[in-house]
Amino acid sequence: MVFVLVGLATFGAALVTVTTKQLVHAALWLVAALGGVAVEYLLLTAEFIAWVQVLIYVGSVVVLLLFGLMLTKAPIGPSPDADSGNRWLALGVALVSAATLVTLVVDAFRTTWIDLRTSAEGSTRLTGEALFRGWVLPFEALSVLLLAALVGAIVLSRKAAPEKKQEGQR
């Protein structure tokens with residue numbers, strides 16, 4: 001029951017994230033949505049993945065997003081540019097994507113059942129080794145991408161220095 005309630009709260013936060021017209025509020029609602037996902041991992045007794053979720057996504061990605069918003073001087077209040085008028089198309093694509101994802105997950109795990117009365121077979125050590133042995137390159141690529149985004153935000157936020165005209169020259 002708690003899992004469903006946290007899932008509904010996370011879904012609500014994600015919905016507000018994509019529907020708000022204020023960019024800073026969207027970033028803060030994203031923190032709530034990602035935090036809800038971390039709570040879901042805790043409820044599934046995947047503590048390591050929950051802390052990775054908090055440290056990497058909530059701690060790094062959202063902070064980088066907020067820095068990018070601050071450095072590019074994004075509007076603090078409602079932004080008229082935040083709505084492109086394609087809400088119905090976006091809703092249709094989102095519903096088709098969600099239906100496809102749910103169908104794939106249900107089909108993949110149709111006969112898999114977890115007995116919650118027994119202890120978990122995995123450990124944090126095994127999960128960490130599996131995650132960081134096979135997925136080190138994608139993590140590093142993501143860090144380079146985030147660094148490039150931060151550098152790009154800094155470059156975009158700098159004003160070009162006005163050229164001084166010297167006397168006697170055009």
Those residues that are surrounded by 12 or more Cβ atoms within 10 Å (Cβ to Cβ) and of a type in the set (Gly, Ala, Ser), I need them from the range 143-156; list them, please. 143, 149, 152, 153
May I ask you to list the residues in the range 7-27 that are closer than 30 Å to residue 128 by Cβ, among the aliphatic types (A, V, I, L, M) and surrounded by fewer than 18 Cβ atoms within 10 Å (Cβ to Cβ)? 9, 14
Which residue is modelled with the lowest pLDDT, if the candidates are limited to the range 117-142 and must be open to solvent by 60 Å² or more (accessible area, probe 1.4 Å) and polar (S, T, N, Q)? 119
As an exercise: evaluate residue 41 against (1) open to solvent by 30 Å² or more (accessible area, probe 1.4 Å); (2) under 12 Å from the mean Cα position of the chain (by Cα); (3) more than 20 Å from residue 153 (Cα to Cα) and give the number of the one condition it does not meet. (2)
Residue check, residue 68 modelled with pLDDT under 90, surrounded by 12 or more Cβ atoms within 10 Å (Cβ to Cβ) and in a helix (DSSP H, G or I): yes
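Taking the range 1-55, which residues are assigned to a loop (DSSP other than H, G, I, E, B) and among the hydroxyl-bearing types (Ser, Thr, Tyr)?
Those that are assigned to a loop (DSSP other than H, G, I, E, B) and among the hydroxyl-bearing types (Ser, Thr, Tyr): 20, 45.
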Identify, by number, the condition in (1) within 10 Å of the chain's Cα centre (by Cα); (2) within 21 Å of residue 94 (Cα to Cα); (3) of a type outside the set (Phe, Trp, Tyr) that residue 53 doesn't meet. (2)
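The values are calculated or read from the model by the stated rules, or taken from the named source; none is laboratory data. All of these numbers come straight from a predicted model, not from anything done at the bench. Cβ coordinates were reconstructed from backbone atoms using ideal geometry, including for glycine residues, and neighbour counts include every protein chain displayed. Calculation scope for accessible area: heavy atoms of the full protein, side chains included, ligands and nucleic acids excluded. Shrake-Rupley method; radii C 1.70, N 1.55, O 1.52, S 1.80 Å.
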